[in-house]
1. Have a look at PRO298, PRO205, PRO364 and tell me which one the Gaussian network model of the chain (Cα, springs below 10 Å) gives the largest fluctuation.
2. Which of the pairs LYS296/LYS369; LYS308/LYS400; LYS88/LYS369; LYS231/LYS427; LYS103/LYS332 have their Cα atoms more than 23 Å apart in this structure?
3. First check a/c for the chain, with a ≥ b ≥ c the square roots of the eigenvalues of its C-alpha gyration tensor; if it is under 1.5, answer rounded, and if not, answer prolate when a/b is larger than b/c or oblate otherwise.
4. What number, rounded to the nearest 500 deg cm²/dmol, is the helix-based mean residue ellipticity at 222 nm of the chain, given -39500 (n - 2.57) per DSSP H run of at least four residues and division by all its residues?
5. Take the solvent-accessible surface of the protein heavy atoms, probe 1.4 Å, and return the percent of it on the chain that carbon and sulfur atoms account for.
6. Of the residues LYS103, LYS247, LYS43, which exhibits the maximal mean-square fluctuation in a Gaussian network model of the chain defined by a 10 Å Cα contact cut-off?
7. Name the longest site-free stretch of the chain, where the excluded sites are chymotrypsin sites (Phe, Trp or Tyr not before Pro) in a DSSP loop with no more than 16 other beta-carbon atoms within 10 Å.
8. Keeping every protein chain present and rolling a 1.4 Å probe, give me the accessible area per residue for the chain in Å².
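The values are calculated or read from the model by the stated rules, or taken from the named source; none is laboratory data. The structure presented is a predicted model; accordingly, all values stated were derived computationally and were not measured. Positions of Cβ are backbone-derived with ideal geometry, glycine not excepted, and every protein chain shown enters the neighbour counts. Just so you know, the surface numbers come from the protein's heavy atoms only, side chains and all, with ligands and any DNA or RNA stripped out. Shrake-Rupley method; radii C 1.70, N 1.55, O 1.52, S 1.80 Å.
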Amino acid sequence: MNVQTIMTNLEAKHPGEKEYLQAVREVLESVEEVYNQHPEFEKAKIVERLVEPDRVFTFRVVWVDDQGEVRTNLGYRVQYNAALGAYKGGLRFHPAVNVSMLKFLGFEQIFKNALTNLPLGGGKGGADFDPTGKSDGEIMRFCHAFMYELWRNIGADQDSPAGDVGVGGREIGYLYGMYKKLAREHSTGALTGKSYGWGGSLIRPEATGFGAMYYVNRMVKQANDTMEGKKIALSGFGNVAWGAATKAIELGAKVVAISGPDGVCEIPEGITMEMVDYMLEMRASNRNKVQDMADKFPGKAFFTAGKKAWSVKCDIACPCAFQNEMNEDDAKELLANGVQYVAEVSNMGCQPGAIAAVQNAGIPFAPGKAVNAGGVATSGLEICQNAGHISWTAEEVDAKLQKIMNDIYDLCVEYGKEADGSINYVKGANIAGFMRVAKAMLAQGIV
Ligand code: GLU
């Protein structure tokens, strides 16, 4: 393979699909050397097949708002690759959602899911629906209308969506309610992230954040260091940041910043469990304002409008919100402030310039597809429980999650170790995930 030739062809075929092209380039650059040692991959045109999704569904979603106005949105599901299992990946509700975004997320999902070593293919979906300011009734009507179109294309052995940005436990409940009605069966494996009591798994809500902190803990240990007293800056205040903050406190670290689209909330003494609990109320309100934390905890949390979490001095920086949320200047500011580790929790949270700046400074950088794989891994565990009609305790799920994250960490080290002994986590995660998918595709023939 020649990355430049492949990228030139893709750019011509998919002009303007910036995020998708960026994600593909990163993976191909990481795997090029290893790939070229396998002429059987080249012969079967593994890369040329892998970069295009199996199929993409686009559909109109029509619903009525609280004022009686008819609203039209666009819904999507990208079924990317099923070499390792049924399509699996979240649904994102956000006004910026488009095909390019979902293709990049779906592409990343293939390798992330492969890293978990569970039988999960890669997919992604969502809609350009903005949940900000919407009432509970509006959210329900939108979810029902969305599922009215999607239901025929999902199912436990076909495609199993979950939550992502803008889609949490409440939305999954509404989506599942309509799915069950239309499919005329109680097929719990058709969606994950369900609530506990009707098919959900304990620890699934916490899983992405917990998994991320298990991974970060290993990065820190690798440097003969400990989490005790480490200052962590997180972006966002959604489900992922909530889980990460909970585990960070347990590991003895201090979360000194969370952020939102309105600005940053600095918490010099470290976030408390009371504040972490309040993050759930902030998300449920659909206001999407981190300032609410400062208003609720005056003297402990301090809001600055328009600033990012990366402006706060910290030891560990973890983007937990959206893609491209850390740019090169942000990374430089973090480095000047003495950051020691950067772990991307959001999918493609760091721009290429930010990653290069961190790596060039000799600071460990870990990519989202490895760090945030605990979420989808626990979705895989949810599917296992659904299929076996069993329910594991929180301790059992957490132990399995920890093992999966440790295994992913070890894989990244195995494939990412450089000649000088340093670890390139980006390369490690890309090669480890890619090899699993490529071997499965090869074994299954030209399909
Ligand atoms: N949206 C999450 C992710 O990016 C979870 C996907 C899932 O559980 O299927 O991995």
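1. In the Gaussian network model the winner is PRO298.
2. On the way: LYS296/LYS369 34 Å; LYS308/LYS400 34 Å; LYS88/LYS369 14 Å; LYS231/LYS427 27 Å; LYS103/LYS332 29 Å.
Pairs exceeding the cut-off: LYS296/LYS369; LYS308/LYS400; LYS231/LYS427; LYS103/LYS332.
3. Numbers: a/c = 1.41, a/b = 1.02, b/c = 1.39.
Taking the square roots of the gyration eigenvalues as a ≥ b ≥ c, the chain is rounded.
4. Details: 17 runs with 215 residues, N = 447.
That calculation yields -15000 deg cm²/dmol at 222 nm.
5. Details: 8920 of 17630 Å².
The value for the chain is 51 percent carbon and sulfur by accessible area.
6. Of LYS103, LYS247, LYS43, the most mobile in the Gaussian network model is LYS43.
7. Details: sites that count: TYR196, TRP198.
Looking at the chain, 199-447 is the longest stretch - no exposed chymotrypsin sites (Phe, Trp or Tyr not before Pro) with at most 16 other Cβ atoms within 10 Å.
8. On the way: 17630 Å² over 447 residues.
Ligands and nucleic acids excluded, the result is 39 Å² per residue.
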